[in-house]
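I have placed the structure first, in the form of structure tokens, so that the comments after it can refer back to it.
The values are calculated or read from the model by the stated rules, or taken from the named source; none is laboratory data. Keep in mind that what you see is a predicted model, and the values were worked out from it rather than measured. In this analysis, Cβ positions are derived from the backbone assuming ideal geometry, glycine residues included, and neighbour counts consider all displayed protein chains. In case anyone asks, the SASA skips ligands and DNA or RNA and just uses the protein heavy atoms, side chains included. Shrake-Rupley method; radii C 1.70, N 1.55, O 1.52, S 1.80 Å.
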Amino acid sequence: MPSAAQLAWLIPVLPLIGACLSGLGLITFNRTVNRLRKPVAVMLLTCVGAAAVLSYAVLAEQLAGAGMTEVLFDWASAGTFNLQMGFRVDPLGAVMLALVTTIALLVMVYSDGYMAHDKGYVRFFTYLALFSSSMLGLIISPNLLEIYVFWELVGMCSYLLVGFWYDRDGAANAAQKAFVVNRVGDFGLLLGILGLFWATGSFGFEEIGSRLSEAVAGGSLGNGVAVLLCLLVFMGPMAKSAQFPLHVWLPDAMEGPTPISALIHAATMVAAGVFLVARLQPVYAPFPAVQATIAVIGTITLFLGASIALTQMDLKKGLAYSTVSQLGYMMLAMGCGAPVAGMFHLVTHAFFKAMLFLCSGSVIHAMEEVVGHEPVLAQDMRLMGGLRKFMPITSTTFLIGCVAIAGIPPLAGFWSKDEILGQAFGSFPILWAAGFITAGMTAFYMFRLYFLTFEGSFRGNDKAAAALLLAAAGKGTGEEHGDDHGHSHADHPHESGWQMAMPLAVLAVPSVLIGLLGTPWHSRFAALLNPEEAAEMAEHFSWAEFLPLAGASVAISVAGITLAVLAYLLHKIDLGTAVAGRFPALNRFLTNKWYLDAINERIFVKGSRKIARQVLEVDSKVVDGVVNLTGLLTLGSGEGLKYFETGRVQFYALIVFGGVIAMVLLFSAFG
């Protein structure tokens, strides 16, 4: 009987089969399939569930000590060139398979409640299954070329899901932005992959790493060229995992349905970049310049995301910038040569960030009952408040997520984030300082989100505030938007149904407990991914080193939480006056997201349009002018020559004689 690892190719194939069946059904029998929404959803859930069961079996084998399994077949060959495809299962892949299938399964259950009344219900589930399949295929890919294929499929699915409500201008624009920004990163990734193949003759991770180092050591390849190729490959993860300056697409992706926001931010799109950097550690590790660049970019990203999150009033965008910041922590770990710490934070973050986003979806879903389906109103925290007494399950799980991401022990976020800060302290103390300060900012803005949303009095029935928000967004008054946007449907929100509440409760368990698998004195997570590193960590662990760093990390997080309590729960501090009033330029800088979107708009959007207009002008005046002139000359010469068509042989002979005389004179003049 084959082992689970030998059947791992079925893990991406099962959701793919379900997506293909429902997709073909939508194309051929659209009305019938849309009426069978529940059976289709059950079929797709079964496919993803079967993939999850197989993923758990693969993980169990790895935990039991099974070695790496790699199955390859010849895909293309020409002479000595042989390109292989297949699948690969190792501890890193097993962890990611279990993570992705778990989150995807819970998101699909949640979506049954969230998208229940959406006319695109079946299409949404089809996209979810295809998205999951693409990410799972990426995880088990044995080489860079196969990864690139699934990399692009993940990007395509994110485009479809971010722009799912394509009739909304915001969603259509966000999908285009995500597509264009990721094409920039993917172009660099493709150049890097081709360059590494040119330098090493291989697409395999370990082979590229060893051959690249040998080529540099032997002098056949310059160190600068090798570093450039590595950084080109890193451009792909920069875009996918929203690293500065290619992070700008991720907050706008909140225009898609909230379940897909949870899936993108927790286990698929953004996780793909971090996973690829972990896979490429054999390539990056020999080059300190590459590692330092990754660490610096990660540090800029973590501080940028946290600083912008401080001023966000949109609940989902606040969480989105939180994701940007946490992805920066993961890249900082990768740059410090600690991929195990980065992957551990990816896993812990996936559970509590998925829970936080699904909580936000529950809040938005409930707010729509009061303020209508206008996102400007349903997602703005200025119209929330006091939701804890109406939504106890959502508020409790959201609070657990806030404590976890703030880094308060013993919840998951403390162990993973503290491990990253410890690694940074030993490698780049300056970068550690930035990560340390950001930890306090994280605790502050997350509890700011919690208090504005769930504590105080409910503000959703404030028609004047709603009208101001609509006017500020250029939406006009509530009455102009009809009954859905301008009039309340209920006096207060209600807790979501079991389909939406159950995934929150399930995700709360690992958000609390999974961090205990990574305790530095006995890290079971490190023992799975890298037993040698785990043994070294246990051997060199010192309470004298651990307690000061961990204590400082907890202290700054508690300070951030205390400030949020004083400002937004007890209202003892007016931060609007204390900060925005005294430092208006800083407040504008953060509110306008470091002006990066404005810079992109001016330089790239308007700049490319200006270039396009100039090219169009050259085309219309020069190229078209030449073509039109050629036509006119042909027409004119034809009109003139027709008078020489007399039909008289003597006249033709005279023309020939004249031509000969002209040629003789011409050659005589230049002879």
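In region 404-429, what count of residues is obtained for those that are touching a Phe, Trp or Tyr at 6+ places or on another chain (Cβ under 9 Å), open to solvent by 10 Å² or more (accessible area, probe 1.4 Å) and part of a helix (DSSP H, G or I)?
7
Being in contact (Cβ under 8 Å) with a residue 24 or more places away in the chain and crowded, with 17+ Cβ neighbours inside 10 Å is the requirement here; does V33 meet it?
When the stated conditions are applied, V33 passes them.
If we scan region 326-339, do we find a residue that is in a helix (DSSP H, G or I), buried (at least 24 other Cβ atoms within 10 Å of the Cβ) and hydroxyl-bearing (S, T, Y)?
yes
Find all pairs meeting these conditions: Cβ atoms under 6 angstrom apart; at least six residues apart or on different chains; first residue within region 458-472 and without any contact (Cβ under 8 Å) to a residue 40 or more places away in the chain; second residue surrounded by fewer than 20 Cβ atoms within 10 Å (Cβ to Cβ) and among the β-branched types (V, I, T).
Going by the 6 Å Cβ cut-off, the qualifying pairs are A467/T477.
Among the residues of region 352-365, are any open to solvent by 10 Å² or more (accessible area, probe 1.4 Å), in contact with a Ser or Thr (Cβ under 7 Å, 6 or more places away or on another chain) and at pLDDT below 90?
First, pick out the residues of region 352-365 that are open to solvent by 10 Å² or more (accessible area, probe 1.4 Å): 365.
Then drop every residue that is not in contact with a Ser or Thr (Cβ under 7 Å, 6 or more places away or on another chain), which leaves 365.
Next, only the ones that are at pLDDT below 90 stay: 365.
Yes - at least one qualifying residue is present in region 352-365.
Among the numbered criteria (1) more than 13 Å from Y329 (Cα to Cα); (2) surrounded by fewer than 20 Cβ atoms within 10 Å (Cβ to Cβ); (3) touching a Leu at 6+ places or on another chain (Cβ under 8 Å); (4) not hydroxyl-bearing (S, T, Y), which single criterion is violated by K389?
All conditions pass for K389, except number (3).
Has region 4-17 got at least one residue that is open to solvent by 60 Å² or more (accessible area, probe 1.4 Å), touching a helix residue (DSSP H, G or I) at 6+ places or on another chain (Cβ under 6 Å), closer than 24 Å to A350 by Cα and in a helix (DSSP H, G or I)? Write out each step before concluding.
Of the residues in region 4-17, the ones open to solvent by 60 Å² or more (accessible area, probe 1.4 Å) are 6, 9, 16-17.
In the following step, the residues that additionally are touching a helix residue (DSSP H, G or I) at 6+ places or on another chain (Cβ under 6 Å) were identified as 16.
Right, trim to closer than 24 Å to A350 by Cα and you get 16.
Subset that is in a helix (DSSP H, G or I): 16.
Yes - at least one qualifying residue is present in region 4-17.
So which residues in region 140-171 are aliphatic (A, V, I, L, M) and touching a residue at least 60 places away in the same chain (Cβ under 8 Å), if there are any at all?
Once the filter is applied, which keeps residues that are aliphatic (A, V, I, L, M) and touching a residue at least 60 places away in the same chain (Cβ under 8 Å), region 140-171 yields I140, L144, L145, I147, V154, L161, V162, A171.
Considering only residues that are small (G, A, S) and either more than 27 Å from the chain's Cα centre (by Cα) or within 22 Å of F447 (Cα to Cα) (or both), which ones fall in region 568-619?
Initial filter on region 568-619 (small (G, A, S)): 576, 578, 580-581, 585, 598, 607-608, 612.
G576, A578, A580, G581, A585, A612 - these are the residues of region 568-619 that are small (G, A, S) and either more than 27 Å from the chain's Cα centre (by Cα) or within 22 Å of F447 (Cα to Cα) (or both).
Quick one: how many residues across region 386-403 are of a type in the set (F, W, Y) and assigned to a helix (DSSP H, G or I)?
The qualifying residues number 1.
Tell me which residues, restricted to region 524-548, are outside any helix (DSSP H, G or I) and in contact (Cβ under 8 Å) with a residue 40 or more places away in the chain.
Correct list: N530 only.
Wholly within region 83-199, which helices (runs of 4 or more DSSP H) include no fewer than the required count, namely at least 1 residues that are open to solvent by 10 Å² or more (accessible area, probe 1.4 Å), touching a Cys at 6+ places or on another chain (Cβ under 9 Å) and closer than 29 Å to A5 by Cα?
121-139
Of everything in region 566-611 that's on the phi > 0 side of the Ramachandran plot and not hydrophobic (A, V, I, L, M, F, W, C), which residue is least open to solvent (accessible area, probe 1.4 Å)?
In this case the residue turns out to be K593.
Considering only residues that are more than 25 Å from P531 (Cβ to Cβ) and open to solvent by less than 50 Å² (accessible area, probe 1.4 Å), which ones fall in region 36-82? Outline the logic, then answer.
Residues of region 36-82 that are more than 25 Å from P531 (Cβ to Cβ), as a first pass: 36-53, 72-82.
Within region 36-82, V40, A41, L44, L45, C47, V48, G49, A50, A51, A52, A76 meet the criteria.
Let me spell it out: the conditions are (1) open to solvent by 60 Å² or more (accessible area, probe 1.4 Å); (2) of a type in the set (F, W, Y); (3) assigned to a helix (DSSP H, G or I), and W521 meets all of them except one. Which number is the exception?
Condition (3) is where W521 drops out.
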